[in-house]
């Protein structure tokens, strides 16, 4: 698990950021305009949970899951970067960092 520790931590931070972003988006005046952001936040949190779980189990599928996690984290960051709200900016940063960690894990 030590090989994965920094990536697991990045995934956990990303989950928190995505869940906070989705919840905050639901409080925005034009929730419909935030639908894609909310959906991507939820998808990103889900894959980060799966990746962290598989890494903690030292699963043979951890690398494949991390590769997918990086793709979804980057997609979430791209969506969040379209918005000016602070919660979206923080989420995008957490997603970019998590994607970098996941790519590093796959390359290791």
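Coordinate-derived values only; no laboratory data. Remember, predicted model here, so these are calculated numbers, not experimental data. Using ideal geometry, Cβ is built from the backbone for each residue, glycine included, and neighbour counts are taken over all protein chains shown.
Once fully extended, how much extra length lies between residue 5 and residue 93, figured as 0.36 nm per residue of separation less the alpha-carbon to alpha-carbon distance?
Extra length available between residue 5 and residue 93 comes to 29.8 nm.
When only Cα pairs under 8 Å and 6 or more residues apart are kept, what is the percent relative contact order across segment 31-108?
Result for segment 31-108 is 31 percent.
Provide 63, 87 in ascending order of the number of other Cβ atoms located within 10 Å of each residue's Cβ, fewest first.
63, 87
For the chain, what does the convex hull of the Cα positions come to per residue, in cubic angstrom?
For the chain, the hull spanned by Cα atoms encloses 69 Å³ per residue.
If packing is taken as the average count of other Cβ atoms within 10 Å, what order do 12-24, 90-102 fall into, highest mean first?
90-102, 12-24
Is segment 34-88 rounded, prolate or oblate when judged by the Cα gyration tensor, a ≥ b ≥ c being the square roots of its eigenvalues, rounded requiring a/c under 1.5 and prolate requiring a/b larger than b/c?
Here segment 34-88 falls in the prolate category.
Could you give the length gained by full extension between residue 46 and residue 20, i.e. 0.36 nm per residue of separation minus their alpha carbon distance, to one decimal place?
8.0 nm
For helix 86-107, report the angle its Cα long axis makes with the longest principal axis of the Cα atoms of the chain; keep it between 0 and 90° and round to the nearest 10°.
On a 0 to 90 degree scale, this one is about 20.
Label 7 Å along Cα→Cβ of residue 58; segment 1-30 residues with amide nitrogen under 13 Å?
Within reach of a label on residue 58, which here means backbone N under 13 Å from a point 7 Å along Cα→Cβ, segment 1-30 contributes 1-5.
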